[in-house]
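The values are calculated or read from the model by the stated rules, or taken from the named source; none is laboratory data. All of these numbers come straight from a predicted model, not from anything done at the bench. With ideal geometry, Cβ positions are generated from the backbone for all residues, glycine too; neighbour counts draw on all protein chains shown.
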Amino acid sequence: MSLTRRATLLGLGAAMSLGGASLALAAAPGDRRFVVVLLRGGLDALGVLVPRGDPHLVPARQPLVPAGLLDLGGFWGLHPALSGLHRLFQAGDVLAVPALAGPDRSRSHFAAQDALECGAPGQGIAGGWLNRTALLLRAPALAVGGDVPLLLRGAAPVDSFFPAAPAHPPPDHYAPDYYMQVLALHGDDALTGPAMTKALAVRRFEGAVLAASAQAAGRGGFPALAAAAGRLLAAADGPRLAALELGGWDTHVRQEPRLVAALHPLDAGLTALHDALGAGWRQTVVLVVTEFGRTVRMNGAGGTDHGTATVALLLGGAVAGGRVAGDWPGLAPARLFEHRDLQPTGDVRALVKGALAAQFGLDGAALATIFPGSFDVAPLGGLLRV
């Protein structure tokens with residue numbers, strides 16, 4: 001796989017497909033950059049951004065509270081698999097906003113992802129909000145990979161390219177890495193996912209082995225995509241908008257090892273994006289979002305089921321970070337949404353609107369074009385450094 005200088009000079013972006021990750025890029029004028037990382041499957045926010053100071057946390061989900069939390073300032077702790085993200089938080093480049101939900105309260109992956117990417121509930125809005133942003137900024141776009149995410153579909157022109165990929169498994173097809181790749185393909189399937197997980201457990205591919213194998217396999221997928229995106233975005237004449245995808249967050253069964261297996265490549269990828277951007281990191285905003293959260297309590301299979309509120313992250317040198325913001329609803333049983341989920345206290349569109357407005361100087365009319373029908377969702381302020 002190669003990316004030509006000519007494509008960059010034409011003002012086009014690029015996208016690549018490695019493993020289960022994909023990347024789509026769009027060019028935009030100016031030096032400011034905006035990157036979206038879609039975590040598909042429904043991230044368990046309480047397992048990542050842990051409210052360790054909430055008195056109801058341990059009674060509600062003791063088996064799912066990770067040990068060795070990284071300190072975010074007393075009340076909050078970060079999953080220990082996110083050491084790179086923790087360093088960026090300490091540098092003031094990460095803002096975490098808990099208890100956010102998308103514009104749709106559906107617990108269906110398809111409905112919730114569509115609503116998140118098009119920026120509105122229901123079927124009335126065509127295309128994605130990042131495509132409308134690209135159109136507003138007069139930005140041509142290019143997607144390389146199996147598909148262009150809905151986030152980047154719409155009236156703005158998008159060219160695409162599908163790179164060749166190996167069609168055969170590695171020679172040592174009994175290696176743990178190969179098993180992890182097979183498991184990743186089936187992990188989100190309600191029928192084959194649990195069956196394959198159980199089969200690997202019988203073969204002693206458990207806990208640390210699964211996590212270590214996924215971490216090793218992940219280095220060639222999402223981290224490589226993120227590094228490539230960073231190099232393209234860092235170019236003076238390169239793209240300025242990007243969207244990346246990473247699956248593996250539908251943790252219905254044996255959540256902790258599966259969560260670790262997904263967090264390691266995410267952490268490595270965000271670190272690689274930071275490193276590859278170099279000086280461009282100072283003018284970059286990275287939005288990390290997922291379609292919904294997960295249940296507060298653990299299910300009978302050691303996992304969590306589809307929920308409502310989750311967490312969103314803003315990263316970048318342009319972000320006024322090093323803090324956790326937003327309105328925390330608490331985990332008291334009476335405060336849970338429908339007696340099972342983290343209660344939403346904010347709309348993810350308010351976060352996106354605030355970040356786009358501050359990063360690109362967009363006014364209310366522009367934001368209304370990007371997010372039609374969202375007049376009651378006011379953009380959050382104070383997200384970026386002055």
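Below is a table of values for the structure above.
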| item | result |
| --- | --- |
| Filter result for D347 (of a type in the set (D, E, K, R), touching a Pro at 6+ places or on another chain (Cβ under 8 Å) and over 24 Å from G30 (Cα atoms)) | yes |
| So P223, is it touching a Phe, Trp or Tyr at 6+ places or on another chain (Cβ under 6 Å), modelled with pLDDT of 85 or more and over 26 Å from A156 (Cα atoms) | no |
| Filter result for T345 (out of contact with any His (no Cβ under 7 Å at 6 or more places or on another chain), surrounded by 23 or more Cβ atoms within 10 Å (Cβ to Cβ), hydroxyl-bearing (S, T, Y) and closer than 30 Å to V253 by Cα) | no |
| Residue tally, condition over 11 Å from V288 (Cβ atoms) and hydrophobic (A, V, I, L, M, F, W, C), over the range 30-48 | 3 |
| Scope the range 295-307; condition in contact with a strand residue (DSSP E or B) (Cβ under 9 Å, 6 or more places away or on another chain) and either surrounded by fewer than 17 Cβ atoms within 10 Å (Cβ to Cβ) or of a type outside the set (D, E) (or both); matching residues | T295, V296, N299, A301, G302, G303, T304, H306, G307 |
| Residue within the range 277-294 that is surrounded by fewer than 23 Cβ atoms within 10 Å (Cβ to Cβ) and part of a loop (DSSP other than H, G, I, E, B) present | no |
| Subset of the range 308-337 [in contact with a Ser or Thr (Cβ under 7 Å, 6 or more places away or on another chain) and surrounded by 24 or more Cβ atoms within 10 Å (Cβ to Cβ)] | T310, G316 |
| Residues within the range 355-386 that are surrounded by fewer than 21 Cβ atoms within 10 Å (Cβ to Cβ), of a type outside the set (G, A, S), in a helix (DSSP H, G or I) and touching a helix residue (DSSP H, G or I) at 6+ places or on another chain (Cβ under 7 Å), tallied | 1 |
| The listed residue being surrounded by fewer than 23 Cβ atoms within 10 Å (Cβ to Cβ), assigned to a helix (DSSP H, G or I) and modelled with pLDDT under 95, out of A216, A268 | A216 |
| Which listed residue, of D44, D54, is closer than 17 Å to V348 by Cα and either buried (at least 21 other Cβ atoms within 10 Å of the Cβ) or modelled with pLDDT of 95 or more (or both) | D44 |
| Criterion (modelled with pLDDT of 85 or more, in a helix (DSSP H, G or I) and of a type in the set (G, A, S)) met by exactly one of A155, A115, A120, A99 | A115 |
| Flag for D327 being touching a strand residue (DSSP E or B) at 6+ places or on another chain (Cβ under 6 Å), among the acidic types (D, E) and within 30 Å of V58 (Cα to Cα) | no |
| Contacts under 8 angstrom Cβ, first residue in the range 279-291 being touching a residue at least 40 places away in the same chain (Cβ under 8 Å) and on the phi < 0 side of the Ramachandran plot, partner of a type in the set (K, R) and surrounded by fewer than 23 Cβ atoms within 10 Å (Cβ to Cβ), 6 or more apart | Q283/R32; T284/R32; V285/R32; T290/R40; E291/R40 |
| Hey, V352 within 23 Å of the chain's Cα centre (by Cα) and in a helix (DSSP H, G or I) or not | yes |
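Here's the yes/no breakdown for (1) in contact (Cβ under 8 Å) with a residue 12 or more places away in the chain; (2) closer than 16 Å to L78 by Cβ:
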{"residue": "G300", "(1), (2)": "no, no"}
{"residue": "T310", "(1), (2)": "yes, yes"}
{"residue": "R323", "(1), (2)": "yes, yes"}
{"residue": "L331", "(1), (2)": "yes, no"}
{"residue": "H339", "(1), (2)": "no, no"}
{"residue": "L342", "(1), (2)": "yes, no"}
